[in-house]
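Written below as C-alpha cells is the structure these notes are about.
None of the figures in this text is laboratory data; all of them are computed from the coordinates on show. All figures in this text were calculated on a predicted structure; none of them were measured in a lab. Virtual Cβ from ideal backbone geometry, glycine too; neighbours counted across all protein chains shown.
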Amino acid sequence: MKTVLITGATSGFGKAMAEKFASHNNNVIITGRRADRLEALAKDLIATYKVQVHSLVFDVRDRKAVFSAIEQLPPAFKKIDILINNAGLALGRDYFEDAETEDWEIMLDTNVKGVMYVTKAVLPGMIERKQGHIINMGSIAGKEVYEKGNGYCASKYALDALSQSMRVDLVRHKIKVTAIHPGAAETEFSMVRFKGNTAAADKMYEGYQPLSAADVADVVYYTATLPAHVCINDLVLTCLAQANSFYLNK
Ligand code: NDP
Ligand code: 8X3
C-alpha cells in the first residue's frame, strides 16, 4: 500500500488515476480547486475501496497555498511515495497573433510553475527517505508543435524539459521521474480549452475513438508499479487514429 498524491483529481485523468490507485489498495491525496468534487470523490473512494483519502483544495499557481497545504498534511498522509503532477489545462486555440496573453500566462503558470511548486513542496520527504516517484503529465503537444497550439505547446515543451532536468538532478536521491505524454483524450480538457463552447469541444473527438481517461490511468499505473530498479523515463501514448500531434486519421 502506497500513498499517492494526484493533482487535478476533480476531473479527467486525475479522477481516473485516483480511482485506479485506490482500487489497487493505495491511499490517495486528491487535489484541485473544486472542493465539492473532491469531497464527492473522496466519499466514493472510501466507500468503494476502503482506502484512506485526503483532499487538499488549492490552486497550483498559488505558491504559498501549495506549500502550506503540503506542510499541513496529517501524519498518516505525510509519507508520499508517488506524486502525479497532472493538474493542467489549455486555453484557446488561435493563431499566435490572435491568442490572449492572459491565456498564455495561465497555461504557463499552471502547467510549468505549478508543477515546480508542488514538486518542491513534496520533495523533502522523498529525499530524506531516498525513495519516491514523480510522474509528470506532459502531452504530445510537448513533442511536436501544431498550428494554433502556441502557448499550450510552449508550456508542455517546458514541462518536458523540466521532467528531464528533474530526472538528472534527482537520480542521486534515488527518485524516479517519469514523463507521460498522451495524445487526444476525451475529458473536460476541450470544454476548458474552448471556454464552454460545447460544439467546438465535441468536434475535437468526432470521427475516431480518442483515448479515455481510464486508458491513460492504466498506463500511469503501469509505470508506477514496475520493480524498484526499473524506471520508464518518457512515454508517448496516443489512440490508434493518431500518429502524432498533427496527424489524425479520421
Ligand atoms: P480536465 O480538464 O478533465 O482536468 C484538469 C484537472 O486539472 C482538473 O482536475 C482541474 O481541477 C485541474 N486544474 C486545472 N487548473 C488547475 C489549477 N490552477 N490548480 C489546481 N488544479 C487545476 O483535463 P485532463 O484530465 O484531460 O488533463 C489533465 C492533464 O493532462 C493536463 O495537464 C493536460 O494538459 C494533460 N493532457 C490532456 C490531454 C487530453 O487530450 N485530455 C492530452 C495530453 C495531456 P480544478 O478545475 O478543480 O482545479
Ligand atoms: C492535449 C492533447 O493534441 O490537444 O494535450 O494538444 S492536444
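Worth a mention:
- Where ALA161 falls short, out of the listed (1) more than 30 Å from HIS24 (Cα to Cα); (2) under 16 Å from the mean Cα position of the chain (by Cα); (3) within 15 Å of ligand 1 (Cβ to nearest atom): (3)
- Failed condition for PRO182, given (1) within 15 Å of the chain's Cα centre (by Cα); (2) without any contact (Cβ under 8 Å) to a residue 60 or more places away in the chain: (2)
- Residue count for segment 149-160, restricted to those that are surrounded by fewer than 23 Cβ atoms within 10 Å (Cβ to Cβ) and of a type in the set (D, E, K, R): 1.
- Helices (runs of 4 or more DSSP H) fully within segment 172-250 counting 2 or more residues that are among the aliphatic types (A, V, I, L, M) and surrounded by 15 or more Cβ atoms within 10 Å (Cβ to Cβ): 189-193, 213-224
- Within segment 229-241, the set of residues being touching a residue at least 60 places away in the same chain (Cβ under 8 Å) and either of a type in the set (D, E, K, R) or more than 15 Å from ALA179 (Cα to Cα) (or both) comprises ASP234 only.
- Breaking point among (1) within 14 Å of ligand 1 (Cβ to nearest atom); (2) on the phi < 0 side of the Ramachandran plot, for GLY92: (2)
- With respect to the stated conditions, SER163 is within 14 Å of ASN86 (Cα to Cα), more than 11 Å from ligand 2 (Cβ to nearest atom) and surrounded by 24 or more Cβ atoms within 10 Å (Cβ to Cβ).
- With respect to the stated conditions, ASP169 fails to be within 13 Å of ligand 1 (Cβ to nearest atom) and either in a helix (DSSP H, G or I) or under 30 Å from HIS54 (Cα atoms) (or both).
- The single condition from (1) of a type in the set (D, E, K, R); (2) under 21 Å from SER11 (Cβ atoms); (3) in contact with a Phe, Trp or Tyr (Cβ under 7 Å, 6 or more places away or on another chain) that ASP103 fails is (3).
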